[in-house]
Amino acid sequence: MQMKRVIQNAVIELVKEKQIDKISTTEIAKRAFISRITFYNYYANKYEVIESLLEEIIEGFKQIQKKNATFLLTIDMESKSEITERLLPNVLEITGYFYERKEVIEMLMNKNSDVELMDELYAVYFDHFIRVLPTIFYVKFSKRDLDYYASYMTKGVAIIIEKWFQEGFQQSVAFISESILKMLSDSLNSLYKNSKQI
């Protein structure tokens with residue numbers, strides 16, 4: 001695992017300098033202070049290195065979402081302050097997770113990597129919301145209505161996160177978390193109010 005990390009770090013550095021298509025295995029090996037044979041013992045090619053970094057970020061994010069999904073059932077959605085207070089640890093965990101991996105995320109966001117990180121994150125957020133919303137609101141919304149809310153919440157969170165990534169993580173984890181919580185508490189509270197009218 002340590003050698004894989006050395007190779008990944010070499011690729012992260014090189015992608016800052018040029019397009020992944022223009023980086024050779026020889027360059028990666030040289031930057032990592034290893035032989036090409038050693039590189040091929042761990043990865044089939046340079047794209048596999050990028051893919052492994054992307055998968056690592058997405059899998060860790062999925063695990064946080066999965067771990068924290070069930071506690072939403074215990075929140076009083078009538079109270080925006082309770083929604084904010086109860087969601088805070090989860091949102092802080094996610095933004096902290098991204099911040100700790102900012103070097104990898106900046107590389108994946110770099111046009112040189114040829115990766116669509118935000119599409120992947122968007123899919124995880126949407127999947128989370130589309131699974132969780134029906135369990136929170138046992139009132140039967142139509143699938144279309146839930147899709148709208150899931151899309152709205154996903155886009156709201158994704159825009160905040162993407163801007164944060166693009167600006168090089170200039171804002172603090174706390175600031176980004178508060179921005180996300182405001183949007184989520186408003187959305188969940190609105191959905192709760194609509195459920196009461198059904």
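Just a few scattered comments:
- Options GLY156, MET109, VAL132, ranked by Cα towards positive dipole end of the stretch 108-198, top entry (Cβ charges): VAL132
- Carbon/sulfur fraction of accessible area - the stretch 1-142, other protein chains in place, 1.4 Å, %: 53 percent
- Exposed GluC sites (Glu not before Pro) absent - longest run of the chain, DSSP non-H/G/I/E/B, at most 15 other C-beta within 10 Å: 1-77
- When only Cα pairs below 8 angstrom with a gap of at least 6 residues are kept, the stretch 1-117 shows a relative contact order of 33 percent.
- Per-residue accessible area (protein heavy atoms, 1.4 Å probe) orders PHE61, PHE126 as PHE126, PHE61, starting from the largest.
- Over the chain, relative contact order from alpha-carbon pairs under 8 Å, at least 6 apart, %: 25 percent
- Ranking ALA123, GLN19, GLY60 by how far each Cα lies toward the positive end of the dipole of the stretch 1-139 (charges on Cβ) leaves GLN19 at the top.
- Within a straight-line Cα-Cα reach of under 16 Å, LYS67 can be paired with the following aspartates and glutamates, leaving aside sequence neighbours fewer than 8 residues apart in one chain: GLU59, GLU93, ASP127.
- Cα gyration tensor, the stretch 1-52 - rounded (a/c under 1.5), prolate or oblate: rounded
- Within the same chain, lysines fewer than 8 places from LYS111 are excluded, and of the rest, those with a Cα less than 25 Å from its Cα are LYS4, LYS16, LYS18, LYS22, LYS30, LYS46, LYS62, LYS102, LYS155, LYS163.
- Net charge, ASP127 excluded, C-beta distance under 15 Å - Lys, Arg +1, Asp, Glu -1: +2
- Taking one quarter of the surface of the convex hull spanned by the alpha-carbon atoms of the stretch 1-106 gives a direction-averaged projected area of 8.2 nm².
- Shown for the chain is the translational diffusion coefficient from the Stokes-Einstein equation, using the Kirkwood radius over Cα pairs, a temperature of 10 °C and a viscosity of 1.306 mPa s: 86 µm²/s.
- By the helix-only formula, in which each DSSP H run with n ≥ 4 contributes -39500 (n - 2.57) and the sum is divided by residues, the chain has a 222 nm mean residue ellipticity of -25500 deg cm²/dmol.
The values are calculated or read from the model by the stated rules, or taken from the named source; none is laboratory data. Treat the numbers as computed from the prediction; the structure is a model and nothing was measured. For neighbour counting, all protein chains shown are included, and Cβ atoms are generated from backbone atoms with ideal geometry for every residue, glycine included. Quick note on the areas: whole protein, heavy atoms, side chains included, nothing else; ligands and nucleic acids left out. Shrake-Rupley method; radii C 1.70, N 1.55, O 1.52, S 1.80 Å.
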